[in-house]
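Engineer: Sharing a structure with you now.
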Amino acid sequence: MQKTFISFLIIFLFFSTEVLCQTLYLNIDGENKNETQVIDSLNYIKTHKDFFSIKSEVEFIQNTLFKKGYIENEVSEISKINDSVFATSINLKTKFNSINIYYDNGLIETSILNQISNKVFDDYFELPFQQVENALNFINSKITKDGFPFSKLNLSNISTKSKTILKADLVINSSEEKRTISNIIIKGYKKFPRSYLKHYLKIKKNQVFDLNSIKNKTKQLNDLRFANQIKSPEVLFSKDSTSLYLYLKKSQSNNFDGFLGFGTNEDTNNIEFDGYLNLSLTNNLNFGESFQLLYKSDENDQKTFDINASLPYLFKTPIGVDFQLRIFKRDSSFTTVNQSVKLHYQINSKHKIYVGLTNLESNNLLSLNTTPNIVDYNTSYYTLAYEYIKPQSDNLLFPVNSKLYFETDFGTRKQSSLSQKQTQFFIDASKIFNLNHKNSFYTRINGSLLSSDDYLENELSRFGGINSIRGFEENSLYASLYGLLNTEYRYQVSNSIYIHSITDAAYFENKILKTKEKLFGYGFGFGILTKAGIFKFNYANGKLQNQKFKLSNSKIHISLTTVF
């Protein structure tokens, strides 16, 4: 008896499973062969797990046909052919190809309609029927952008105009008054500099309210070094006001950077050290200001002292000011003092333009003038510059995706009783090509050109080292013209560790020495994001074009950037 019961139970479960898992088939036909072909072209789903799925698919097909212009289509009752096959038929009837929509030109501008239709008249416009839904959504978005967030559109009085053309009236429900931003409330970072709302984000009081535009603008907050957005903005509507809430957080934006480099002196074969300190302070006064201090001492007995300060949005205007003081001293040969002041205008979050004045003064420190090309001089420049920065804030190791800075200076150099017209150009551009989330390719172009009838040694550009062509001593190369290319293939082991190759190339000319040289640097490096900051290690070997490879020419550069 027990065996019989168990056998019965197994048989019951087996067949019950077969019934529960049975696949159902749907077949939809038209009233004729042509209609069936139209229905089949929709590639509807023919296999289903239950009757509810079949019914949903038939409704979906009917709605799809409606959007294609078969607005009068009729579906017959779904019939069961056998245990697994269900069938229905759809009478498509007339297909309407277009619709004439009549509108009130006092409620909607024809310039909006011209963007969706090439047949716009004084009281109606024509659309292909399949474009109606997208066109109405577009019109509604434009009305919403004009300060009517609760506007609604619909077509009424739909009727036939001809055999394949419909006509309808466009009804716009936007009875409330135009909404403008009456108040901006910042949560989280209450001391956020308000000038950035008006001039950086382009959001201000009494501005026409458009939530989509506001969301796009506030995403730019993540491009700022000193603040970011916690969550999307919210809006509180009342009868006579519209309050915008922004949720921000102050970010750590100060950083301290330094590196230690060492290599072998070719003359003495002794190890020599060089390094620098770089302190950057941003927004400590909640004004959006920045201050940078650089002190560098390298193995060529050269010292650099550099101070930069930037004050944005002075007196709540879109104009800011930048100051720079740079002092350079080469052993006991000469000193050069560079002073500049620039006014800048931030076009948007990525673009900035500059105009300013620059003054250079250099003094010969040699008691005996054994070097005739080192003399006292004073140069005054007018400066024009442009800057573009595109961040990638989601990558802590490489926060800047692309950057371009271009500057041109034109003025006069004065020495003793002589004057000389001069022009100078400078460019620094970089770009990261992200191949995928682990692999990327970094490239940088840097160059300078001094155009003059004659040249002095103490006015030439200086380059070489970790921030230009690697594998060479810091500021060991003097040029009237130079251009260099830095490339790195980068592989991110994790979100905090990466390794990279080093392939650098440079070309420079020295009009005083009448030399032209090509330089190359090869090596490798890695970076680690630690709690203290980003630690970087570079090993590079530099050589001239016709010079043999020497291991003694290798340089090791170590740096640590700390954010606080």
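Engineer: Net charge near LEU560: determine it from the other residues with C-beta under 14 Å of the C-beta of LEU560, scoring Lys and Arg +1 and Asp and Glu -1. Walk me through the numbers before you get to the answer.
Structural biologist: Working: positive: LYS531, LYS536; negative: ASP257.
Result for the neighbourhood of LEU560: +1.
Engineer: Right, here's the next one. Determine, for GLU59, GLU35, the number of other Cβ atoms within 10 Å of each Cβ, and report the residues in order from fewest to most.
Structural biologist: Values: GLU59 11, GLU35 19.
Going from sparsest to densest Cβ surroundings: GLU59, GLU35.
Engineer: To continue, here is another question. Please list, in order, the residues from segment 389-418 whose amide nitrogen is less than 14 Å from a point placed 7 Å along the Cα→Cβ vector of HIS351.
Structural biologist: Answer for segment 389-418: 389-390, 404.
Engineer: Hey, can you list the DSSP H helices of the chain whose Cα span along the axis is 15 Å or longer and whose average Kyte-Doolittle score is at least 1.0? Provide the component values of the computation, followed by the final result.
Structural biologist: Numbers: long enough: 2-20 (27 Å, 1.54); 51-67 (25 Å, 0.24); 132-145 (20 Å, -0.12).
Answer set is 2-20.
Engineer: Give LYS152/LYS204; LYS316/LYS352; LYS93/LYS119; LYS296/LYS390; LYS68/LYS163; LYS202/LYS390 a once-over and call out the pairs whose C-alpha atoms are over 24 Å from each other.
Structural biologist: Working: LYS152/LYS204 26 Å; LYS316/LYS352 17 Å; LYS93/LYS119 27 Å; LYS296/LYS390 28 Å; LYS68/LYS163 16 Å; LYS202/LYS390 18 Å.
In this structure, LYS152/LYS204; LYS93/LYS119; LYS296/LYS390 lie more than 24 Å apart at Cα.
Engineer: Still on this structure, please answer the following. Which lysines have a Cα less than 24 Å from the Cα of LYS303, not counting those fewer than 8 places away in the same chain?
Structural biologist: The reachable lysines, counting only those whose Cα sits under 24 Å from LYS303, are LYS329, LYS536, LYS555.
Engineer: Grab the other residues whose beta carbon is less than 15 angstrom from that of ILE108, score K and R as +1, D and E as -1, and report the net.
Structural biologist: Numbers: positive: LYS142, LYS145, LYS152, LYS178; negative: ASP104, GLU109, ASP122, ASP123, ASP146, ASP169.
Local charge sum for ILE108: -2.
Engineer: Computed from the mean reciprocal separation of all distinct C-alpha pairs, what Kirkwood hydrodynamic radius does segment 98-173 have, in Å?
Structural biologist: Values: mean 1/r = 0.0796 Å⁻¹.
It is 12.6 Å.
Engineer: Can I ask one more? Between the DSSP loop rule and a limit of at most 14 other Cβ atoms within 10 Å, which trypsin sites (Lys or Arg not before Pro) in segment 369-439 are left? Before the final figure, lay out the partial values.
Structural biologist: Numbers: sites: LYS403, ARG413, LYS414, LYS421, LYS431, LYS438; in loops: LYS438.
Those that pass, being in a loop and sparsely packed, are LYS438.
Engineer: If you bin the C-alpha pair distances of segment 299-395 every 5 Å from 0, what whole percents do you get?
Structural biologist: Histogram of Cα-Cα distances, whole percents per bin: 3, 11, 16, 16, 15, 12, 10, 8, 5, 3, 1, 0.
Engineer: How would you rank LYS249, LYS239, going from fewest to most other Cβ atoms within 10 Å of each one's own Cβ?
Structural biologist: On the way: LYS249 14, LYS239 6.
So the residues, fewest neighbours to most, are LYS239, LYS249.
Engineer: Exactly which trypsin sites (Lys or Arg not before Pro) in segment 439-544 are in a DSSP loop and have at most 12 other Cβ atoms within 10 Å? Kindly include the intermediate steps, with their values, before the conclusion.
Structural biologist: Values: sites: ARG444, ARG462, ARG470, ARG490, LYS511, LYS514, LYS516, LYS518, LYS531, LYS536, LYS543; in loops: ARG470, LYS511, LYS514, LYS531.
Counting only loop positions with at most 12 other Cβ atoms within 10 Å, the trypsin sites (Lys or Arg not before Pro) in segment 439-544 are LYS514, LYS531.
Engineer: Note down the net charge around ASP428, summing +1 for each Lys or Arg and -1 for each Asp or Glu among other residues with Cβ under 15 Å from its Cβ.
Structural biologist: Details: positive: LYS352, LYS390, LYS403, LYS431, ARG444, ARG462; negative: GLU387, GLU407, ASP409, ASP504.
Summing Lys/Arg as +1 and Asp/Glu as -1 gives +2.
Engineer: Taking only DSSP H segments of four or more residues, each worth -39500 (n - 2.57), what value at 222 nm results for the chain once the sum is divided by all its residues, to the nearest 500 deg cm²/dmol?
Structural biologist: On the way: 6 runs with 70 residues, N = 564.
Helices in the chain give a 222 nm mean residue ellipticity of -4000 deg cm²/dmol.
Engineer: Here's another thing I want to ask about it. Could you list the trypsin sites (Lys or Arg not before Pro) in segment 100-165 that lie in coil according to DSSP, counting only those with at most 12 other Cβ atoms within 10 Å of their Cβ? Present the calculation step by step, with values, prior to reporting the outcome.
Structural biologist: On the way: sites: LYS119, LYS142, LYS145, LYS152, LYS161, LYS163; in loops: LYS119, LYS161, LYS163.
Passing both the DSSP loop test and the Cβ count: LYS119, LYS163.
Engineer: Mind jotting down a quarter of the surface of the convex hull over the alpha carbons of segment 376-526, in square nanometres, one decimal? Each step should come with its number before you reach the end.
Structural biologist: Working: hull surface 39.7 nm².
Averaging across all directions leaves 9.9 nm² for the Cα convex hull.
Engineer: While we're here: Using a basic spin-label model with each label point 7 Å from the Cα along Cα→Cβ, how many nm lie between TYR295 and PHE564?
Structural biologist: 1.5
Engineer: Can you check what the Kirkwood hydrodynamic radius comes to for segment 255-563, Cα pairs only, in Å to one decimal?
Structural biologist: Working: mean 1/r = 0.0477 Å⁻¹.
This gives a value of 21.0 Å.
Engineer: For ASP240, ASP301, ASP169, what's the fewest-to-most ordering of other Cβ within 10 Å of each Cβ? All intermediate terms of the calculation are to be shown ahead of the outcome.
Structural biologist: Numbers: ASP240 7, ASP301 12, ASP169 15.
Lowest count first: ASP240, ASP301, ASP169.
Engineer: What number, in percent, do you get for the relative contact order of segment 183-250 if the mean sequence gap of Cα pairs under 8 Å and at least 6 apart is divided by its residue count? Can you show the working numbers first?
Structural biologist: Numbers: 88 pairs, mean separation 28.4, N = 68.
Relative contact order, segment 183-250: 42 percent.
Engineer: Okay, moving on. When the scattering of segment 61-123 is computed by the Debye formula from its Cα atoms alone, each counted once and equally, what is log10 I(q)/I(0) at q = 0.16, 0.19 Å⁻¹?
Structural biologist: -0.70, -0.82
Engineer: Send over the per residue convex hull volume for segment 183-250, Cα only, as a whole number of Å³.
Structural biologist: On the way: hull volume 5.5 nm³, N = 68.
In segment 183-250, the Cα hull volume divided by residue count equals 80 Å³.
Engineer: Using only the Cα atoms, what convex hull volume per residue in Å³ does segment 74-210 have? It would help to have the intermediate numbers written out before the result.
Structural biologist: Numbers: hull volume 29.3 nm³, N = 137.
For segment 74-210, the hull spanned by Cα atoms encloses 214 Å³ per residue.
Engineer: If you don't mind, there's one more thing I want to ask. Could you run the Debye sum over the Cα atoms of segment 505-564, one equal point scatterer each and no solvent, and tell me log10 of I(q)/I(0) at q = 0.15, 0.19, 0.27 Å⁻¹, two decimals?
Structural biologist: Treating every Cα as an identical point scatterer, log10 I(q)/I(0) equals -0.62, -0.77, -1.04.
Engineer: Related question: Taking Rh as the Kirkwood radius computed over C-alpha pairs, what is the Stokes-Einstein D of the chain at 37 °C in a medium of viscosity 0.692 mPa s, expressed in µm² per second?
Structural biologist: Working: Rh = 30.7 Å.
So the translational diffusion coefficient is about 107 µm²/s.
We did not get these values from a lab; they are worked out from the coordinates using the rules stated. Note that the coordinates shown come from a computational prediction; the quantities given were computed from them, not determined experimentally. For neighbour counting, all protein chains shown are included, and Cβ atoms are generated from backbone atoms with ideal geometry for every residue, glycine included.
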